[in-house]
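Chemist: Provided herewith is a single structure, encoded as C-alpha cells, for subsequent inquiry.
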Amino acid sequence: MVLGKIMRFVLTQMSKRRLPIVDGEIEVEGLRGSSVEIIRDKWGIPHIFADHKYDLFFAQGFVQAQDRLWQMELNRRTANGTLSELIGDLAIETDRTSRTFGFARLGKIDWNNATEEVKDCIQAYTDGVNAFLQHKKSKLPVEFTLIRHKPKMWSPEDSCAFARVMLWQLSHAWYGEIVRSKIVEEVGADHAAELEIKFPITHPITLPNGIEFNVLSKDGILSGSNGPFLSQGQGSNTWVVSKEKSTTGHTYLCNDMHLSLMLPSIWYETHLMGAEFNVSGVSLCGVPMILVGHNQSIAWGSTLAFTDAEDLYIERMNEQNPNQYEVNGEFIDAEIIEEEIIIKGQEGPLIEKVLITRHGPIISDVIEGSNVRLAINSMALRPSQALQGYISLNKASNWNEFVEAMRSIDATQLNMSYADTENNIGYWVTGKVPLRVPKHKGTVPVPGWDDSYEWQGEIPFKSMPHALNPKQGYIINCNHKIVPDDFPYYLGDVWMNGARAARFEQMLKERGEKLSVEDFKAMQMDVTCLPGKEFIELIRNLGLPTPSNSEVAEALQLLLSWNGVLSPESIGGTIYEVLRYMIVRDILSCSLSENLVFEIMGKGFNPVLYHANEFYGHDTYIIMRLLKSPNSWWIQEAGGTEEIILRNLKKTFEWLTRSCGKKPTDWQWGKLHKVNFPHAMGLKRPLDQVFNRGNIPIGGDTDTLCQTAIHADDPYNVNAWAPSHRQIIDLNDLSKSLMIFAPGQSGHLASPHYDDLIPMWYKGDYHPMLWDRDEIKSRAQSRLLLKKN
C-alpha cells in the first residue's frame, strides 16, 4: 500500500513533465493550409478548426497522439497480434487469436481496396500521428518509460487493422454454436433443448410492424411510402423520440453504449469543423472520424443488433496431408500462412500456422474444447467498405444520405438510430446477413465438406429492417428482438432478453407518453430490474414453507419485500442477485462441467478479444422457465423446485454473512457491486494503485437500463461492461445536446482530465456538447495553433 502511494506520487510527477503542449503554437510539416486551430474546452475535449479536409484529419491524429498514445499503441498491437513483443508471454494467446482471425491481413486488404476519400482521410490522420511522434517537443507518456519501449511510426494499415478488430468484436453468434455443441455432448440434445435461448413473448420488439416507412410532410402529417429513400419512394440502449412524444416539442436521439470500462476510456470525444465537415461526438483512438454523435443536420447512435452473420463449419481434413480439406468428395489445398510472433524475453519467434479454407480460417487451434477442425465464415472477416460508410455518415445531411452510408457499413451488425433537424426519426440495421438453406439456422457447427449448408447469398440491403417515422412516435432498441416472427428473412434467433426495452416502455407510460430531457437522464440511470421482480413473484407463487432457520427466514422476507430497484443501498436486491447466481450454478452444475456452466452464463474464450458470448444475460430467464416446469429433467436432477430454492437460499445467507457481515443491514448491493476503470499497467501490483481508478459502489445489473454487467466466473463487481458513454441530442437546438463518458479525455496520469469525468458519469450528470464557436471560446481552457512549417 505504501509502495503504491510512493510510486503514484513519483510517476505522477514524471507524467507532469511529459504532458502535451496544448497552448501556443507548434510548427509541423505537411499541412495544406497555413494553420489549424485546436481549442480544448474545460473537459479537455478538442474542437478542431481547419480550412482543408486533410488538415482536419491530420489534426485529429495529432491530438489523439497527444492524449492517448499509449492506448493507441496497445490498440494497434492487439490488432496486429504483436502484444507479446511488448509485454511477454502473458499476451501469447491473444496474439495467436489475432493472427488466426487475420485482423492485420484484413486491414491491409481494406487499405488496398479503400476509396480515394477513405485513403485521403486515413493518410492525413496517419501523418498527424507521426507529426506528433517526430516533433522535437513531443514527449512519450510514462508507460513507455516503464516498459522501456519507443513506438514505431503509425501506418494506415494500423488504423485499418484496428478497425477490423472493432468490426469483428461487434459481431456475434459463432461462439454460441460451440456452447450448444458442448451442452449436447455432455447431456444430449433433448436436455440441451431446455436451455435454449428464447425471447420472452411479453417483451417489446423494436419494429413491431416490421418495415415501416412514413414521409413527414411539411404540415407534420405522416403518409405511407415504399422503399428506403425519400426521393425514390425503403451489448447498448438507443432511442429516438419524435416531437409528438417529447414535452418540449423537440426531436431527440439518445444513446448509451455498453462496453468494457477501462482507463483511458475506449472513447475519445472530438469536434471536427472544416471543409464539408461539422461533426461532434466520440471516436476510437487509432481511427479517424466520428463514430457516434451528430453533425449540423442529423444525429445517430448505435447498439449491437445481434443478427446472425457468422457460422462455424466442420472441415474434414486429409489424414494423409493435414494441409488439405475435403470439398464435394475431393481434397484441396488450404491456404497456409505462417505467422511469426515475437515474444519479449524469449529467443526466437513462435510460428503460428494458420490454415484458411473456402469458409475462412480454421480457429479450433486457438479456442478450447473443440475436438474437430472448425472454420469460421463471418461477414465481419470479409473485405469491407465500413470506413467509407462512416465518412459518409459524418457528412450526411438527410435520410437519403444516411441510408447510403448504411449501405457501406457492411461488416458489423448494428442497430443505427437516426434523427434530423427536420424532425424525422429513423432506424436501420447494418451489416450483411447471409441467406441460409432452410435446414440451417446457424445454431451449431455444420458439415463443411460439401455444399449442403453453404450460404446462398445475402439478404438484400433494401430488405434489412428499417423504419422512418413509425406511427408509434419512437424507436427503442436495447439489443432485443428486432422484428416479428413473420419477417420474410431469417436474421437469427438470439437477442438480448428485452427487459431493458420493457422498462423503457413502462417508464414512457408512467410519464403519460411524453418525455423530457430529465426523463431521458433518468432512463439512462435507471436501475429497476424487471426480471428481479418476476423472480420474486415466481417465488411468492410457489408458497414455500418458512425456513426453519429464523435468520434465513428473515432473508427470504427481505427478498420478497424488495421493490425491484437495484440501487447501491438495496438489501433485497443483493439477496436476489446472489440467490439468482447460486441457483443458476446449482442447477447447471448438477449435470455440466464447471467451465461449460460459466460459458452458458456468458463467458467468452479470450479476456481481451472475446470476453462474452451470446448466451450472456439469458440465464435468469432460462432458470425461471425451468423452475416453472417441475417435470424438467434439470429440475429433477437438482432435487426439485422447492429444494433448489431453499437450499440456495441457505447458501446465500451463509455466503452473505461471511462476505458482508452478520447483520442484513450490511448486505448492501454496492458493497459487492463496484465499478472500476482498470489500466493495462494496473495488471501488476503495486501499479494498480498508480493507474487504476474506481472501486465505487454502483447499482444495476445486466437487466437494468443502466446496465452494469458482471462476469460469471468473477462476481459481483462490474467487470464485463457498463454505459461507456451517454448522449442526449436535441435536434431542434444542437447547442443543448449533452454527452458524458468516463473516466476522462486524457490518458496522461498527471493530466487533470485523466479521471475528472468519473464523478459526473457516476451521478448521471452530463457536459454540454459545445457547438457554436462563441460558446466554445467562452468555455476554452487552452488554444493550440498548428502552423505549417
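Chemist: Which percent of Cα pairs goes in each bin when the distances of segment 403-483 are cut into 10 angstrom slices starting at zero?
Modeler: Percent of pairs per bin, in order: 15, 39, 28, 13, 4, 0.
Chemist: Quick one: the Cα spread of segment 501-594 along its three principal axes, in angstroms, biggest first?
Modeler: If we take the Cα atoms of segment 501-594, the spans are 49, 34, 25 Å.
Chemist: Could you pull out the trypsin sites (Lys or Arg not before Pro) across segment 592-666 that fall in loop regions by DSSP (anything but H, G, I, E, B) with no more than 12 other Cβ atoms inside 10 Å?
Modeler: LYS662
Chemist: Could you compute how much accessible surface HIS149 exposes when probed at 1.4 Å, giving the result in Å² to the nearest 10?
Modeler: So the heavy atoms of HIS149 present about 40 Å² to solvent.
Chemist: Which of the aspartates and glutamates could be linked to LYS514 by a straight reach, that is with a Cα gap under 18 Å, when you skip same-chain ones fewer than 8 residues away?
Modeler: By straight Cα distance, LYS514 reaches GLU244, GLU505, ASP526, ASP730.
Chemist: Restricting to Cα atoms and excluding each atom paired with itself, what does the Kirkwood estimate give for segment 338-447 in Å?
Modeler: Over segment 338-447, the inverse of the mean reciprocal pair distance is 17.6 Å.
Chemist: Give me the base-10 log of I(q)/I(0) for segment 681-789 at each q in 0.11, 0.22 Å⁻¹, Debye formula, one uniform scatterer per Cα, rounded to two decimals.
Modeler: -0.51, -1.31
Chemist: With labels modelled as points extended 7 Å from the Cα through the Cβ direction, what inter-label distance (nm, one decimal) is found for HIS149 paired with GLU643?
Modeler: 5.4 nm
Chemist: While we're here: With a 10 Å radius around each residue's Cβ, average the other Cβ atoms per peptide and rank 35-42, 150-157, highest first.
Modeler: Top of the packing list down: 35-42, 150-157.
Chemist: Looking at segment 251-384, I'd like the Rg to Rh ratio, where Rg is from alpha-carbon atoms and Rh is Kirkwood's inverse mean 1/r.
Modeler: 1.13
Chemist: Compute the Kirkwood hydrodynamic radius of segment 10-90, taking the inverse of the mean of 1/r over all pairs of distinct Cα atoms, and give it in Å to one decimal.
Modeler: Final number for the Kirkwood radius of segment 10-90 is 15.0 Å.
Chemist: Please list, or write none, the aspartates and glutamates whose alpha carbon is within less than 14 Å of the alpha carbon of LYS777, excluding same-chain residues fewer than 8 places away.
Modeler: ASP23, GLU37, ASP41
Chemist: What list of ³J(HN,Hα) values in whole Hz, one per residue of segment 298-312 in order, does the Karplus curve 6.51 cos²θ - 1.76 cosθ + 1.60 (θ = phi - 60°) give from phi, with Gly and Pro shown as x?
Modeler: Residue by residue, segment 298-312 yields 9, 10, 8, x, 8, 9, 5, 8, 6, 5, 9, 10, 9, 9, 9 Hz.
Chemist: Between VAL327 and GLU551, what is 0.36 nm times their sequence separation minus the Cα-Cα distance? Round to one decimal in nm.
Modeler: 74.1 nm
Chemist: Past the 25 Å Cα-Cα mark, which pairs from LYS439/LYS481; LYS42/LYS150; LYS42/LYS521; LYS533/LYS736; LYS603/LYS684?
Modeler: LYS42/LYS150; LYS533/LYS736
Chemist: Provide the three semi-axes, in whole Å and in decreasing order, of the ellipsoid equivalent to segment 646-729 as defined by the square roots of 5 times the Cα gyration tensor eigenvalues.
Modeler: Semi-axis lengths for segment 646-729 are 26, 19, 12 Å.
Chemist: Mind checking segment 381-452 for trypsin sites (Lys or Arg not before Pro) that DSSP puts in a loop (not H, G, I, E or B) and that have at most 16 other Cβ atoms within 10 Å?
Modeler: LYS439, LYS441
Chemist: At what distance in angstrom do the alpha carbon centres of segment 1-60 and segment 314-372 lie from each other?
Modeler: Computed from Cα coordinates, the inter-centre distance equals 44 Å.
Chemist: May I ask you to list the aspartates and glutamates whose Cα is less than 20 Å away from that of LYS344, ignoring any residue fewer than eight positions away on the same chain?
Modeler: Leaving aside aspartates and glutamates fewer than 8 places away in the same chain, those within reach of LYS344 are GLU73, GLU85, ASP89, GLU93, ASP95, GLU143, GLU352.
Chemist: Based on the Cα gyration tensor of segment 741-789, what are the three equivalent ellipsoid semi-axes, each the root of five times an eigenvalue, rounded to whole Å and given largest first?
Modeler: Result for segment 741-789: semi-axes of 24, 17, 8 Å.
Chemist: How far, in nm, would the chain grow between ASP714 and GLN506 when pulled straight, counting 0.36 nm per residue and subtracting the alpha carbon separation?
Modeler: Stretched fully, the ASP714-GLN506 segment lengthens by 71.7 nm.
Chemist: Summing +1 for each Lys or Arg and -1 for each Asp or Glu, what net charge is found among the other residues whose Cβ lies under 15 Å from the Cβ of GLY492?
Modeler: Here the charged neighbours net out to -3.
Chemist: What's the FRET efficiency of GLN296 with SER34 using the Cβ-Cβ distance as r and R₀ = 30 Å, to the nearest 0.05?
Modeler: 0.75
Chemist: Same structure, new question: So for segment 711-764, averaging the separation of alpha carbon pairs under 8 Å that are six or more residues apart and normalising by length, what relative contact order in percent results?
Modeler: 23 percent
Chemist: Which three extents, in angstrom, do the Cα atoms of the chain have along their principal axes, listed largest first?
Modeler: Reported extents, whole Å, longest axis first: 80, 70, 69.
Chemist: OK, next. Probe of 1.4 angstrom, ligands and nucleic acids ignored: what's the accessible area per residue over segment 367-443, in square angstrom?
Modeler: Ligands and nucleic acids excluded, the result is 30 Å² per residue.
Chemist: Further, regarding this structure: Which order do the peptides 50-61, 324-335 take when ranked by the mean count of other beta-carbon atoms within 10 Å per residue, highest first?
Modeler: Final packing ranking: 50-61, 324-335.
Chemist: Relative contact order for segment 621-696: what is it in percent, counting Cα pairs under 8 Å that are at least 6 residues apart?
Modeler: Here the relative contact order equals 16 percent.
Chemist: Now, a different point. Peptides 284-293, 371-380, 108-117, 539-548: what's the order by average Cβ count within 10 Å, highest mean first?
Modeler: 284-293, 371-380, 108-117, 539-548
Chemist: How much of the accessible area of the chain, probe 1.4 Å, is carbon plus sulfur, in whole percent?
Modeler: Answer for the chain is 50 percent, counting heavy atoms of protein chains only.
Chemist: Based on the Cα gyration tensor of segment 510-654, what are the three equivalent ellipsoid semi-axes, each the root of five times an eigenvalue, rounded to whole Å and given largest first?
Modeler: Equivalent-ellipsoid dimensions as semi-axes: 27, 23, 14 Å.
Chemist: Express the accessible area of segment 11-106 per residue in Å², computed with a 1.4 Å probe while the remaining protein chains stay in the model.
Modeler: Heavy-atom accessible area per residue stands at 31 Å².
Chemist: Given 20 °C and 1.002 mPa s, how large is the Stokes-Einstein diffusion coefficient of segment 26-178 in µm²/s, with Rh as the Kirkwood radius over Cα pairs?
Modeler: 127 µm²/s
Chemist: Can you give the Rg and Dmax of segment 478-543 based on its C-alpha atoms, in angstrom?
Modeler: Rg then Dmax for segment 478-543, in Å: 15.4, 44.
Chemist: Considering every Cα-Cα pair within segment 587-665, what fraction, in whole percent, is farther apart than 19 Å?
Modeler: Distances greater than 19 Å cover 52 percent of the Cα pairs.
The values are calculated or read from the model by the stated rules, or taken from the named source; none is laboratory data. Computed from a predicted structure; not experimentally measured. Heads up, the Cβs are rebuilt from the backbone with ideal geometry, glycines too, and the neighbour counts pull from every protein chain shown. SASA here: full protein model, heavy atoms, side chains in, ligands and nucleic acids out. Shrake-Rupley method; radii C 1.70, N 1.55, O 1.52, S 1.80 Å.
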